[in-house]
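Below you'll find the structure, written out as structure tokens, and then a few comments.
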Amino acid sequence: MSPARVESGAPTALLERAMEILGCFDEKHSALTLTQLAQLTKLPMSTCHRIVGTLEDGGFLSKGSDRKFRVGTKLWTIAQHAPLSERLRESALPTLARLYEETGENVTLAVLDRGQALYVDRLVGERSIPTISRAGGHLPLHTTGVGKVLLAYQSEKAIEQYLAQPLPKPTPQSITQPDALRKDLAEVRKNGYSITRQEMTRGSGSIAVPIMRNGKCVAAVGVIVHLNRLDVNRLVSTLTDAAASISAELDGH
């Protein structure tokens, strides 16, 4: 590689543009045309076409008969080698299945990812209330049970940085005032579990507990239920046992 190419930052710029293109795909945009990708990234059509072609050749994107691009299998294959996929999901799955059988409710497993709750896995109960969480999706920390747990166990500096930003308020019950959230998070740390009531979706509540390793919260496991079935004592006990089981499985790997 020539010195001029290194100084120009061209490889870095191309990588950043490729990441912008891949970042366009989410739960609302699972299939996009080249024109849509160019519009979302604000890249010139020629540049977008060239980079998308390279990503397609590498298996990172695939184009269907409808001429829309989707995330390719190469990304999925690479993701399976991430420690998060290899250890946490594999270790937690038997316990999540048991938790699902015991409660019949939505069961969620999440980790902290760039200031949001990343849902690593989700099992849906037959009688469970509809929710917007899904495996691989992100939701705010302050409006979800697992999110509050993940936020509560962060450093004071990290918590203050989170509270200093504008916080979305998906429902009238969402807590967005910094002082109220500080008090709520202090209760989570004191009690060892979080409770939400209609803070993300109407009619639903959630309970979540931390999964601890070496004194650090590495993930959170929770259930989402209809408010009429929010039996705090029973669910906290069940979840605490589940979190201990997952932690033990992680230590055994």
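Each residue, GLU187 and ARG50, gets one label point 7 Å from its Cα in the Cβ direction; the gap between the two is 5.6 nm. Taking the longest Cα principal axis of the chain as reference, the axis of helix 45-57 is set at about 70 degrees. Pairs with C-alpha atoms separated by more than 19 Å, drawn from the list LYS190/LYS216; LYS157/LYS183; LYS183/LYS216; LYS148/LYS183, are LYS183/LYS216.
Here the accessible area is traced with a 1.4 Å probe on the protein chains. For the chain, carbon and sulfur cover 52 percent of it.
Once the Cα atoms are used to define both axes, helix 178-191 deviates from the longest principal axis of the chain by about 60 degrees. For SER237 and SER30, a Förster radius of 25 Å and the Cβ-Cβ distance give a FRET efficiency of 0.05, rounded to the nearest 0.05.
Could you compute the longest span of the chain free of GluC sites (Glu not before Pro) located in DSSP loops and having at most 12 other Cβ atoms within 10 Å, not counting the site residues? Result, exposed sites excluded: 127-253. What lysines does LYS63 reach when the alpha-carbon gap must be under 27 Å and sequence neighbours fewer than 8 apart in one chain are set aside? Once the sequence-local lysines are set aside, what remains near LYS63 is LYS28, LYS42, LYS74.
By the rule of a C-alpha distance below 15 Å, with chain neighbours fewer than 8 residues away ignored, the aspartates and glutamates paired with LYS169 are GLU199. Residues of the chain were split at every exposed loop site, defined as trypsin sites (Lys or Arg not before Pro) in a DSSP loop with at most 14 other C-beta atoms within 10 angstrom, and the longest piece left, sites excluded, is 135-201.
The residues neighbouring GLN173, those whose beta-carbon lies less than 11 Å from its own, together hold a net charge of +2 under the Lys/Arg +1, Asp/Glu -1 convention.
Rounded to the nearest 0.05, the FRET efficiency derived from the C-beta distance between LYS68 and LYS169 at R0 = 41 Å is 0.75.
Once R0 is set to 25 Å, what does the formula 1/(1 + (r/R0)^6) return for the Cβ-Cβ distance between ARG213 and ALA97, expressed as a FRET efficiency to the nearest 0.05? The pair ARG213/ALA97 has a calculated efficiency of 0.75. Relative to the current alpha-carbon distance between MET19 and LEU227, full extension at 0.36 nm per residue lengthens the span by 70.9 nm.
The values are calculated or read from the model by the stated rules, or taken from the named source; none is laboratory data. Not measured: the values here are computed from a predicted model. Backbone-built Cβ (ideal geometry, glycine too); neighbour counts: all protein chains shown. Keep in mind that these areas ignore ligands, DNA and RNA; they rest on the heavy atoms of the full protein, side chains included. Shrake-Rupley method; radii C 1.70, N 1.55, O 1.52, S 1.80 Å.
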